[in-house]
Amino acid sequence: MNETVSKLVNELQAIVGEGNATDDLAICTSYSRDQHWHFVPAKNPAYVVRPGTKEEVRSVLMLANKHKIPVIPYSTGINVRGLTIPVHDGSILLDLSRMNRILEINPEMKTATVEPGVTFGMLLEQTRKHKLRPAFPDAPLTVSVLANYYLRGIYQTSATDGHDHTISYEMILPNGEILKTGSRALSEMPYFRYGVGPDFAGMFCAHPGTCGVVTELTAKLYRLYDNRKEYFIGFDDVGTPTAFIYNLMHDELAASIRLVDNQSWLEGIFGTFDYAYDKLPKFVVCVLVEGVDSIFKAKDKLVRKYINESSGQILELPAEFARTFEDESLGGAEKSCMVFGLPGKGNYHCIGLYGPLTLAARYYEVHEKTALEVGIPKDHIHFYIDPIYSFHGQLCYFELDVFYDGSDAGFGEKLRNYNDKQFHRLLDIGIYGWFRPYAGIIEPTAERIGYLAEVWKKFLHVLDPNEIMNRGKLF
Amino acid sequence: MYMKLKREEILSAIHHCVKCKLCSIASFHPNAEWLPLCPSGQYYGYQAFYAPGKMEIFRAILEGEITEPSDGLLNAVYACTVCGACYEKCKQITNVELGAPDLFEEMRSELASKGWILDAHKSIVDKIKETKNAYGEKYEYKAETTDQNADVMYYIGCTARYRVPEIADAMLGIFDKLGLKYQVMGEEWCCGSVLFRTGQVKAAKELVAHNIEEIRKSGAKTVIFTCPGCLKTFKKNYPDMGVELVHSTQFLTRLGNMNLKKENLKAAYHDPCHLGRDLGIYEEPRAVLSEVANIKKMKREKKQAWCCGSGGGVKSAFDDFALWSAAERLKEVKEAGAEALVSACPFCKRNLKEAAENEELEVYDVVELVNRCLEG
Ligand SMILES: Cc1cc2nc3c(=O)[nH]c(=O)nc-3n(C[C@H](O)[C@H](O)[C@H](O)COP(=O)(O)OP(=O)(O)OC[C@H]3O[C@@H](n4cnc5c(N)ncnc54)[C@H](O)[C@@H]3O)c2cc1C
Ligand code: SF4
Ligand code: SF4
């Protein structure tokens with residue numbers, strides 16, 4: 001595209017074709033920033049490369065490895081945490097969105113095998129023909145299934161799906177070696193996670209693009225049921241509904257359980273900006289029950305019993321709110337981005353963590369306290385809890401949210417102060433883990449995990465001795 | 001009248017884009033179908049060609065990071081039909097305050113002010129200077145005023161005059177068959193749409209002044225347009241002239257029963273971007289079309305219609321892309337089980353017809369069918 005194409009661009013173009021590699025400043029700029037720019041400043045990759053096959057991915061990686069050029073894998077780039085924004089000059093952004101084939105849907109195995117560019121929307125469009133669905137994050141359904149699962153996303157929309165949906169995958173290392181995990185390593189059957197030796201699938205994942213490039217991944221699919229019923233129950237504080245949530249999780253009753261405050265995610269769950277949200281109780285627990293006929297009926301009966309015992313208030317809401325909640329939970333989230341439409345608060349900051357339900361009220365308390373301390377107004381402080389099946393240790397996902405106006409530079413400063421304090425405070429209270437190892441979180445955490453941090457770094461060094469993979473993003 | 005947006009206003013809108021890319025697909029629920037919406041991104045693939053990528057480029061221009069007009073810059077900025085589909089989707093989801101087409105037109109005018117313009121678009125300015133029409137045509141389309149005092153004026157527009165005259169013929173035919181008196185401009189100049197859409201705003205001034213004067217002199221109370229691009233330009237970029245500006249389909253709907261002989265034709269209606277998303281006119285063309293044909297519904301329609309691919313200066317500069325977008329639309333027409341594709345815009349008709357050259361598919365403007373079904 002540029003008149004003075006550099007030599008490297010020529011080499012990259014020789015691999016992926018002229019139209020699929022560029023060093024054009026404007027094209028590179030379009031990948032320079034996501035909505036986390038108050039924490040991860042804008043930076044251009046030097047090259048954008050769009051491979052169409054895994055052979056091309058391999059050749060690009062080997063070329064980059066030879067020249068020790070940083071490579072940033074990018075599937076759909078919607079991670080909202082700056083994970084695909086370069087740290088170093090001269091990086092190659094490897095845009096994998098052209099690789100968007102669904103390689104297999106296996107209704108018998110209840111699995112799907114996908115390439116990086118396949119989004120949740122694309123996948124559901126096909127799986128629903130078999131009355132199956134993937135496990136959905138509460139992220140827009142334009143995000144990559146592979147990247148989300150490979151990052152070990154926590155899937156807020158259906159508690160029963162549990163936590164890890166990855167079965168096996170194939171990853172290309174910087175030296176061109178191809179790693180296959182689980183049964184994939186032994187046979188053409190990629191359907192079992194624990195094929196041979198350690199759980200390599202687990203070991204290679206959740207490293208934001210720092211090991212190699214995953215080119216295909218096999219994931220679990222879940223049943224779509226016809227019977228569904230939704231409830232919205234209001235509470236005035238975070239502590240009271242925890243007993244109710246505990247009961248639902250203990251008895252494995254609900255497909256989706258989400259505790260949200262009345263001013264943020266509820267707009268997406270209901271699918272409208274136009275409702276008197278401030279008239280609702282401060283916290284709302286949204287519950288979705290599903291299942292086969294008599295099992296569904298039995299579950300529903302128990303859920304109603306627990307609601308009656310909960311001291312919460314059943315909210316009578318328009319029928320379309322329940323329908324949107326269903327769509328968003330079991331059909332892929334689209335309206336979740338309505339949080340970006342909150343007046344004067346179009347940007348999103350959150351600390352996402354795993355922890356036990358027993359600590360819910362304390363997490364909320366420290367969220368409010370720290371936010372107020374750094375000058376964040378009360379009406380910008382939001383909260384989200386999502387319990388996760390299996391509920392061992394009362395496992396929940398917590399989100400400490402602040403919605404704000406990103407064009408207000410002063411607010412960005414407040415949020416940085418908030419993070420500096422909050423990471424330590426949360427670690428002091430006790431958490432199971434962070435949602436993702438993103439910028440700013442890893443440093444205070446690494447200090448506390450002892451020799452594990454060393455082993456982790458060495459492990460990465462074995463896979464990527466030249467440190468080309470998303471260099472600087474983790475340690 | 002044309003207003004320059006404030007820098008802070010632009011940056012604030014750009015900062016509020018979360019890069020969720022939901023603007024690249026039509027609403028997924030309730031049918032759970034993955035239907036792309038952004039022709040530019042879908043065709044070129046790089047992030048730069050989707051709305052969020054373009055916004056980032058605009059930020060970098062405003063913040064002085066991009067100081068040269070590279071090929072990539074010009075392609076990303078101008079190979080966009082400014083169709084507004086991204087904005088329609090985005091505002092449902094994020095309530096965004098500023099429309100992407102406004103932002104993108106502003107970006108183009110920023111580029112144009114630096115002289116960063118495509119040759120194909122620059123040459124339009126020269127053509128207009130010389131001939132007062134966007135195609136640089138020398139010949140005159142024959143249209144005569146039937147009554148100097150008629151309240152109604154038909155503004156024909158460059159595309160219907162010089163590229164798809166069958167639309168102008170049909171509109172004039174309808175007037176004649178219905179016995180309606182009308183005026184046409186003695187000297188009709190280009191409305192300036194293509195200049196506004198490609199950021200060459202200054203060059204449009206003379207055209208605007210001329211056309212206003214022609215309308216003032218005519219004493220017409222209503223100006224009718226078969227071209228939504230012209231109509232949008234008169235509405236958005238011209239000062240209020242105190243006359244009513246209406247699209248042909250609005251005018252025809254108002255006439256009520258025209259004794260049309262309905263045909264046994266299965267027709268899909270394609271919403272032109274300027275008519276639908278820009279002017280909110282969705283129902284009138286459907287109402288008129290349903291009088292003459294059986295409408296077959298396409299999956300992407302109204303606010304979420306797939307663009308025909310020719311607007312925003314794309315047809316003149318990126319014809320392959322324009323024809324690809326049109327071909328995508330034709331696939332949808334067939335899927336809908338239609339044998340004809342009907343639009344209400346000469347630009348759409350021209351591009352769709354060209355793409356349908358080797359297809360067994362008729363392409364019409366709604367006024368052509370009305371004219372055909374009117375008793376003579
Ligand atoms: C409104 C909103 C809500 C969200 N809620 C949730 C939620 O509830 N749950 C959840 O899990 N996420 C959530 N997210 C986060 C986000 O959607 C995920 O992080 C996302 O799935 C990953 O982004 P992506 O798929 O676009 O991957 P990318 O942004 O392309 O990549 C993310 C990271 O993975 C690496 N990577 C990408 N592809 C590969 C590959 N093929 N091989 C190796 N490394 C790779 C990248 O280098 C990068 O570090 C939310 C996002 C938004 C905008
Ligand atoms: S939908 Fe809106 S916020 Fe999301 S990427 Fe598109 S323009 Fe940006
Ligand atoms: S205006 Fe149309 S072509 Fe341009 S970015 Fe938006 S959807 Fe794509």
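The values are calculated or read from the model by the stated rules, or taken from the named source; none is laboratory data. All of these numbers come straight from a predicted model, not from anything done at the bench. Here the Cβ positions follow ideal geometry from the backbone for every residue, glycine too, while neighbour counts run over all protein chains shown. Note: accessible area is taken over every heavy atom of the protein model, side chains too, but ligands, DNA and RNA are not part of it. Shrake-Rupley method; radii C 1.70, N 1.55, O 1.52, S 1.80 Å.
Placing +1 on the Cβ of every Lys and Arg and -1 on the Cβ of every Asp and Glu, with nothing else charged, gives the range A:227-434 a dipole about its Cα centre of roughly 380 debye. Using Cβ point charges alone (K and R +1, D and E -1), the dipole size of the protein assembly as shown about the Cα centre works out to roughly 380 debye. Each 5 Å bin, from zero up to the one with the longest distance, holds this percent of the alpha carbon pairs of the range B:266-373: 2, 14, 25, 27, 20, 8, 2, 0.
Among the protein heavy atoms, those of A:Ile245 account for about 0 Å² of accessible surface (1.4 Å probe, every chain in place).
Using a Förster distance of 35 angstrom, determine the FRET efficiency expected from the C-beta separation of A:Glu177 and A:Lys110, and round it to 0.05.
Values: r = 30 Å, r/R0 = 0.87.
My answer for the efficiency is 0.70.
Using the Cβ-Cβ distance between B:Asn259 and B:Glu65 with R0 = 51 Å, the FRET efficiency computed as 1/(1 + (r/R0)^6) comes to roughly 0.25.
For the protein assembly as shown, what % of the accessible area comes from carbon and sulfur atoms, probe 1.4 Å?
It is 50 percent, rounded to a whole number.
For the protein assembly as shown, the percent of C-alpha pairs falling in each 20 Å distance bin, counted from 0 to the bin holding the largest distance, reads 15, 44, 32, 10, 0. The label-point distance for A:Leu427 and A:Lys129, in a model that sets each label 7 Å from Cα toward Cβ, rounds to 5.0 nm. Computed on protein heavy atoms with a 1.4 Å probe, the accessible areas place B:Lys349, B:Lys205, B:Lys302 in the order B:Lys205, B:Lys302, B:Lys349, largest first. Could you tell me the distance between the Cα centroids of the range A:291-318 and the range A:152-181, to the nearest Å? First find each Cα centre; the distance between them is then 34 Å.
Annotation: Cα Rg of the range B:152-254 relative to the compact-globule expectation 2.2 N^0.38 Å equals 1.03.
Contour minus end-to-end for B:Glu357 and B:Ala287, with contour as 0.36 nm per residue of separation and end-to-end as the Cα-Cα distance?
Value of the extension gain: 22.4 nm.
Backbone amide hydrogens, once placed in the peptide plane, bring A:Tyr384 within less than 5 Å of A:Glu399, A:Asp401, excluding anything fewer than 5 places away on its chain.
Modelled spin-label separation between A:Asp379 and A:Arg448, with each label point placed 7 Å from Cα along the Cα-to-Cβ direction: 3.4 nm. Counting lysine pairs in the range B:152-254 whose alpha carbons fall under 25 angstrom apart, excluding pairs fewer than 8 residues apart on the same chain, gives 20. Per-residue accessible area (protein heavy atoms, 1.4 Å probe) orders A:Tyr364, A:Tyr194, A:Tyr389 as A:Tyr194, A:Tyr389, A:Tyr364, starting from the largest. Between A:Asp89 and A:Phe475, the contour length at 0.36 nm per residue exceeds the Cα-Cα span by 137.2 nm.
Want the number for A:Lys279 to A:Glu467: 0.36 nm per residue separation, take away the alpha-carbon distance, what's left? Walk me through the numbers before you get to the answer.
Numbers: separation 188, 0.36 × 188 = 67.68 nm, distance 5.32 nm.
In short, 62.4 nm is gained.
On the beta carbon distance between A:Thr53 and A:Thr358, with R0 = 41 Å, the FRET formula returns roughly 0.25.
What does a probe at B:Lys331 reach in the range B:342-356, counting residues whose amide N is under 16 Å from the point 7 Å along Cα→Cβ? Under cut-off, by backbone N: B:355-356.
Rounded to the nearest 100 Å², what is the sum over both chains of accessible area buried where A meets B, with a probe of 1.4 Å?
On the way: alone 19230 and 16010 Å², together 31610 Å².
Rounded to the nearest hundred, the buried surface is 3600 Å².
Heavy-atom accessible surface of A:Cys396, to the nearest 10 Å², is about 0 Å², with a 1.4 Å probe and all protein chains retained.
Amide H contacts of B:Tyr364: B:Leu341, B:Val342, B:Ser343, each under 5 Å away and 5 or more positions distant or on a separate chain (H built 1.01 Å from N in the peptide plane; Pro and chain starts excluded). The rule of thumb for compact globular proteins, 2.2 N^0.38 Å, goes into the C-alpha radius of gyration of the range A:334-475 1.16 times.
Size of chain B: Rg and Dmax of its alpha carbons, in Å, are 20.2, 63. Tilt of helix B:346-355 relative to the longest C-alpha principal axis of chain B, in degrees (0 to 90, nearest 10)? Once rounded, one gets 80 degrees.
Taking loop as defined by DSSP and a crowding limit of 15 other beta carbons within 10 Å, which trypsin sites (Lys or Arg not before Pro) in the range A:418-471 fit? Present the calculation step by step, with values, prior to reporting the outcome.
Numbers: sites: A:Lys421, A:Arg425, A:Arg448, A:Lys457, A:Lys458, A:Arg471; in loops: A:Arg448, A:Arg471.
Listed in order of number, the matching sites are A:Arg448.
Between B:Lys266 and B:Arg216, the simple label model (points 7 Å from Cα in the Cβ direction) yields a spacing of 5.4 nm.
If you take the Cα centroid of the range B:240-264 and the Cα centroid of the range B:177-235, the two points sit 18 Å apart. In sequence order, the range A:57-62 has phi-based couplings of 4, 4, 5, 5, 4, 5 Hz under the Karplus curve 6.51 cos²θ - 1.76 cosθ + 1.60, θ = phi - 60°, and Gly or Pro positions carry x. One compactness figure for the range A:185-291 is 1.54, namely its Cα radius of gyration divided by 2.2 N^0.38 Å. Our summary gives chain A a relative contact order of 16 percent, counting only alpha carbon pairs under 8 angstrom and 6 or more residues apart.
Solvent-accessible surface of protein heavy atoms, probed at 1.4 angstrom with all chains present, puts A:Glu316, A:Glu290, B:Glu63 in the order A:Glu316, B:Glu63, A:Glu290, largest first. The equivalent ellipsoid of the range B:7-117 has semi-axes of 24, 16, 10 Å, largest first, where each one is the square root of 5 times an eigenvalue of the Cα gyration tensor.
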